[in-house]
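First up is the structure itself, then whatever we jot down about it.
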């Protein structure tokens, strides 16, 4: 019986592990990947984490893991199949064995929706991005495209237009879906061009993104669009299936939890991108992990009393 099981070894999970061990908790970290770091491993360079400007996502992930290893955190590589809440204990089932703890921190993160077009996976981190605020600075003075028509896509295009020379917004419909205020702001920008009724067919390049193959859905005509990068903003999905029915979630699936990261189920906490919050960045994931671990330690003290 562990005090705490942490599911996920991204920034949130690793931060929770460090704070949990320092609080004297007997804990285990479960992650489906043998390499810790989560989504940041796919980021070529992280330039907005305090004190570590320009660090690569791979180096950041390894640095975070090394800190946890130094403290003796126990890691097991396994894909979690099910979580059973027995009240005073939580059972985490994997394909090979079950694990039990008094409390859980779910730090499984969220996944950006992918288009599934040729070149998308090949150039991920090399011109293909899913986060304008994370990677926009690398395209200063360059030409980029944003794919999508909702609020996030419009916000990304507006953000990128501040520093990029040219921004194309590709949307498959003939009108945008985002808020009217965002549409007005976007359409007022001189370096933004909206390509209505267009879909992205393929991402092309050699070492990095160089051009997009786009298609006019009305005429079915295809052409190449030279760009230095493409930001895909067609949605994001929290990895919260494991706690569906166990904790309160919003309509999309994000778990509802306050700053102490406690869910609606006693003993189950969430940290990182899976939690409903306005900003999802490495720095907020790390903060969530710390808050969740401290909250778990307090929960267990009260539990034992």
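Bear in mind these aren't lab numbers, they're just calculated from the coordinates by the rules spelled out. Here the structure is a predicted model, which is why all the values come from computation and not from measurement. We place every Cβ from the backbone using ideal geometry, glycine too, and count neighbours over all the protein chains shown.
How much length is gained if the chain between residue 201 and residue 302 is pulled fully straight, taking 0.36 nm per residue apart and subtracting their Cα-Cα distance, in nm to one decimal?
On the way: separation 101, 0.36 × 101 = 36.36 nm, distance 5.59 nm.
Taking residue 201 through residue 302 to full extension adds about 30.8 nm, to one decimal.
Reducing the range 48-86 and the range 245-268 to their Cα centroids gives an inter-centroid distance of 22 Å. Among the listed values [x] 25; [y] 10; [z] 16, the one computed from these coordinates for percent of Cα pairs over 36 Å apart is [x]. What does the helix-only formula give at 222 nm for the chain: each DSSP H stretch with n ≥ 4 adding -39500 (n - 2.57), the total divided by the residues, and the result rounded to the nearest 500 deg cm²/dmol? Value at 222 nm, helices only, nearest 500: -7500 deg cm²/dmol. Does the range 109-230 come out rounded, prolate or oblate, given a ≥ b ≥ c as the square roots of the eigenvalues of its C-alpha gyration tensor, rounded meaning a/c under 1.5 and, failing that, prolate meaning a/b above b/c? Rounded is the answer for the range 109-230, as its axis ratio a/c remains below 1.5. Full extension of the chain between residue 179 and residue 76 gives 32.7 nm of extra length, using 0.36 nm per residue less the Cα-Cα distance.
With the simple model of a label 7 Å out from the Cα in the direction of the Cβ, residue 208 to residue 252 spans 2.9 nm. Arranged from fewest to most other beta-carbon atoms within 10 Å of their beta carbon, 2, 159 become 159, 2.
List the relative contact order of the range 128-232 as a percent without decimals, with contacts defined as Cα pairs under 8 Å and 6+ residues apart.
Details: 231 pairs, mean separation 32.0, N = 105.
It comes to 30 percent, rounded to a whole number.
Shown for 81, 90, 166: other C-beta atoms within 10 Å of each C-beta, ranked fewest to most, produce the order 81, 166, 90. What do you get for the angle between helix 282-304 and the principal long axis of the chain? Use alpha-carbon atoms, 0 to 90 degrees, nearest ten. Value to nearest ten degrees: 20.
For the chain, the relative contact order comes to 21 percent (Cα pairs under 8 Å, sequence separation of at least 6). Can you tell me the 0 to 90 degree angle between the C-alpha axis of helix 57-70 and the longest principal axis of the chain, rounded to 10? Value to nearest ten degrees: 10.
Rounded to whole Å, give me the distance from the Cα center of the range 124-166 to that of the range 277-294. If we compute the Cα centre of each part, the gap is 24 Å.
The antiparallel fraction among DSSP beta bridges confined to the chain stands at about 45%.
Measuring r between the beta carbons of residue 122 and residue 93 and using R0 = 41 Å, the FRET efficiency lands at 0.70. Here the contact order of the range 224-300, divided by its residue count and restricted to Cα pairs under 8 Å and six or more residues apart, works out to 23 percent.
If R0 is 22 Å, the Cβ-Cβ spacing of residue 189 and residue 142 corresponds to a FRET efficiency of close to 0.85. Helix 151-161 and the longest principal axis of the Cα set of the chain meet at an angle near 60°.
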